[in-house]
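Q: One structure follows; several queries about it will come next.
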Amino acid sequence: MRWGLWTLAARAARGPCSLCTRQSSAAQGLGSGATIFALSSGQGRCGIAVIRTSGPSSSHALRSLTAPRDLPPARSARLRLLSDPRSGEPLDRALVLWFPGPHSFTGEDCVELHVHGGPAVVSGVLQALGSVPGLRPAEAGEFTRRAFAHGKLNLTEVEGLADLIHAETEAQRRQALRQLDGELGQLCCDWAETLTKALAHVEAYIDFGEDDNLEEGVLEQADSKVRALEVALDTHLRDARRGQRLRSGAHVVVTGPPNAGKSSLVNLLSRKPVSIVSPEPGTTRDVLETPVDLAGFPALLSDTAGLRDGVGPVEQEGVRRARERLEQADLIVAVLDASDLASPSSRNFLDTVVVPGGGQSSGGSTQRLLLVLNKSDLLPPQGPGPCPALPPHLLLSCLTGEGLDGLLETLKTELAAVCGDPSTGPPLLTRARHRHHLQGCLDALSHYKGAEDLALAAEALRVARRHLAHLAGGGGTEEILDVIFRDFCVGK
Ligand SMILES: Nc1nc2c(ncn2[C@@H]2O[C@H](COP(=O)(O)OP(=O)(O)OP(=O)(O)O)[C@@H](O)[C@H]2O)c(=O)[nH]1
Ligand SMILES: [K+]
Ligand SMILES: [Mg+2]
């Protein structure tokens, strides 16, 4: 009889995929038995406020506040009078929901109280809950941490949830939702399974050597699996950090000669008076940065000093800062006065920034550049007139708003190239942590290839698999978890 691949894989796996096997509560030290409660909807006066509990005393808490009523049917809303268990004083008429564990968000017994959103109602109900023995207020992110501990979410899903809560633009929301849906985690799982199989082949060879019982070419099969995985990991790492940019915002830097209308454009795009606008050249000196939603993408928009030489020390420092910021840009918006293209400052800017631009940043990566000819309202009807070698550009008037729609459309295309389109393609790596572990996995695979004996090769595969496990949160250290859960608010 020959050993089939299934048998081999089963031998090496010794149980289910470590990534799919999620954290147990014991592993996370949550055995305190405390039941937590918090306001889970936003603070302040509102129509409805949602208060949640999680933990073994949830049912007791619900009974205490709705006495003498029984628990409502699981996962079904009921209208109940809530009263303070100490004084019996009515607090509110509320919708209550009972989620017995493990079929709840955290995996524990949970209760949701949908109360009227007045501050006095909310604080009255929170105080009443606090008076129930075994209940204490939740810490930031504690509900999600319990969900993670009970295997309801893996770490990449937790990160997706944090990003979803913080998402400010459409593109960020899409990316976060995909991660919350577990796409990145699933990908890691598939990769880990590939490694498990490759490891099975290597270990079988170690155990049985040239034995007749062993299927032919087991080592070659392991090699080819590892090669395919290397290609996949490499492709993911070469994503130009699009997922990270989408999470934290692309750096868009507005530059141009003095008085081209850079500050006017920044104010127009951010819809607020970020920068001072004046007819005096050299108005902007410092770099002024503002986060904006640009056509659905998050961006950090920087206004900078007009580029020119031969000025006083203060403005010269502004120009130095502007050039420094330009180096860090993902996208450069180069602004020129359309009615002043022949001036020395315009020509100089075209020759030094625009024409060699779209070029290299100091990091060696390619920068994108968008040329905008502003003040189109000052042009004669026939356009800017002859201007040799003008690269592709857009016409705009910050004064009248003409050309703004076209500019936003182009910005959307450019930012989609910088940040990636979160709706299509493979899930993007959204954090430095993800890159670190994928790179670690890739490095381990290169040790596998260079290993002089099979025991070392097998160990390299185990290291590689461990990196994928860390990415999905298996065996993650407390410090990493603390950093991730710190992003959450109380009640989530
Ligand atoms: N006619 C016209 N004037 C404009 C337009 N955009 C800006 N301006 C005017 O141009 C002058 C300079 O505008 P700013 O936005 O301060 O220009 P800037 O490039 O930031 O200038 P510095 O910071 O000094 O480099 C101001 O008087 C604006 O009102 C436009 O589209 N049409
Ligand atoms: K100005
Ligand atoms: Mg300015």
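Q: Could you sort 329-337, 293-301 so that the peptide with the highest average Cβ count within 10 Å comes first and the rest follow in order? Don't skip to the answer; put the middle values down first.
A: On the way: 329-337: 24.8, 293-301: 21.1.
So the order, starting with the most tightly packed, is 329-337, 293-301.
Q: In the chain, what percentage of the DSSP-assigned beta bridges are antiparallel, given to the nearest 5? List each step's numbers first, then the result.
A: On the way: 31 of 53 bridges.
Among the beta bridges of the chain, antiparallel pairing accounts for roughly 60 percent.
Q: Can you run phi through the Karplus equation (6.51, -1.76, 1.60; θ = phi - 60°) for segment 166-180 and list ³J(HN,Hα) in whole Hz, with x for Gly and Pro?
A: My calculation for segment 166-180 gives 8, 4, 10, 10, 4, 5, 5, 4, 4, 4, 5, 5, 5, 5, 5 Hz in order.
Q: Select from ILE206, GLY425, ALA120 the residue farthest towards the positive end of the dipole of the chain; place +1 on Cβ of Lys and Arg, -1 on Cβ of Asp and Glu, and compute about the Cα centre.
A: The Cα lying farthest towards the positive end belongs to ALA120.
Q: Quick one: in segment 215-348, what % of C-alpha pairs are over 24 Å apart? Mind showing how you got there, number by number?
A: Details: 3933 of 8911 pairs.
Considering segment 215-348, 44 percent of its Cα-Cα pairs are separated by more than 24 Å.
Q: Choose one of THR352, ALA192, GLY491: the residue whose Cα lies farthest towards the positive end of the charge dipole of the chain (beta-carbon charges +1 Lys, Arg; -1 Asp, Glu; about the Cα centre).
A: Looking along the dipole axis, the top candidate is GLY491.
Q: Past the 26 Å Cα-Cα mark, which pairs from LYS375/LYS412; LYS262/LYS412; LYS152/LYS225; LYS197/LYS449; LYS272/LYS412?
A: Values: LYS375/LYS412 22 Å; LYS262/LYS412 19 Å; LYS152/LYS225 30 Å; LYS197/LYS449 16 Å; LYS272/LYS412 20 Å.
In this structure, LYS152/LYS225 lie more than 26 Å apart at Cα.
Q: A further question on this structure: What value, in deg cm²/dmol to 500, does the helix sum -39500 (n - 2.57) over DSSP H runs of n ≥ 4 give at 222 nm once divided by the residues of the chain?
A: On the way: 16 runs with 207 residues, N = 492.
The helix-only estimate for the chain comes to -13500 deg cm²/dmol at 222 nm.
Q: So, one more: Per residue Cα convex hull volume for segment 175-266, in cubic angstrom? Each step should come with its number before you reach the end.
A: Working: hull volume 11.5 nm³, N = 92.
So the per-residue Cα hull volume is 125 Å³.
Q: Under a Cβ-Cβ cut-off of 15 Å, what is the net charge of the residues other than GLU280 that fall near it, where Lys and Arg count +1 and Asp and Glu count -1? Intermediate values should be presented prior to the final figure.
A: Details: positive: LYS262, ARG285, ARG308; negative: GLU315, ASP337.
With Lys, Arg at +1 and Asp, Glu at -1, the net is +1.
Q: Give me the base-10 log of I(q)/I(0) for the chain at each q in 0.09 Å⁻¹, Debye formula, one uniform scatterer per Cα, rounded to two decimals.
A: After summing over all Cα pairs, the log10 values are -0.84.
Q: Just need log10 I(q)/I(0) for segment 242-286 at q = 0.17, 0.25, 0.26, 0.28 Å⁻¹, Debye formula, equal scatterers on the alpha-carbon atoms, no solvent, rounded to two decimals.
A: Rounded to two decimals, the profile gives -0.55, -0.89, -0.93, -1.02.
Q: LYS492: which aspartates and glutamates have alpha carbons under 16 Å from its alpha carbon, excluding same-chain residues fewer than 8 sequence positions away?
A: List returned: GLU108, ASP109, GLU112, GLU139, GLU142, GLU157, GLU159, ASP163, ASP482.
Q: A further question follows. Convert each backbone phi in segment 187-195 into a coupling constant with the Karplus relation 6.51 cos²θ - 1.76 cosθ + 1.60 (shift: θ = phi - 60°), then list the ³J(HN,Hα) values in order as whole Hz, x for Gly and Pro.
A: Karplus values, whole Hz, x for Gly and Pro: 4, 4, 4, 5, 5, 4, 5, 4, 5.
Q: Could I ask something else about it? With +1 assigned to the C-beta of every Lys and Arg and -1 to the C-beta of every Asp and Glu, and no other charges, what is the dipole magnitude of the chain about the Cα centre in debye, to the nearest 20? Could you put the intermediate results ahead of the total?
A: On the way: 50 positive and 58 negative charges, 317 e Å.
Roughly 1520 debye for the chain.
Q: Using each residue's phi in segment 95-111, evaluate 6.51 cos²θ - 1.76 cosθ + 1.60 at θ = phi - 60° and report the 3J(HN,Hα) Karplus result to the nearest Hz, with x for Gly and Pro.
A: 7, 10, 10, 10, 10, x, x, x, 8, 9, 4, 8, x, 9, 4, 10, 10
Q: To the nearest 20 debye, what charge dipole does segment 153-247 have about its Cα centre, counting +1 at the Cβ of each Lys and Arg and -1 at the Cβ of each Asp and Glu? If you can, show how the numbers build up before the last one.
A: Working: 11 positive and 21 negative charges, 216 e Å.
About 1040 debye.
Q: Net charge within 11 Å of VAL122 by Cβ-Cβ distance, Lys/Arg positive one each and Asp/Glu negative one each, not counting VAL122 itself? It would help to have the intermediate numbers written out before the result.
A: Numbers: positive: ARG45; negative: ASP92.
Around VAL122, the surrounding residues sum to 0.
Q: Also, I was wondering about something else. Roughly how many whole Å is it from the C-alpha centroid of segment 311-325 to that of segment 62-137?
A: About 60 Å separates the Cα centre of segment 311-325 from the one of segment 62-137.
Read-outs throughout are calculated quantities, based only on the coordinates presented, and are distinct from any laboratory measurement. A quick note: this is a predicted structure, and the numbers were derived from the prediction, not measured. Don't worry about glycine lacking a Cβ; one is built from the backbone with ideal geometry, like all the others, and counts go over all protein chains shown.
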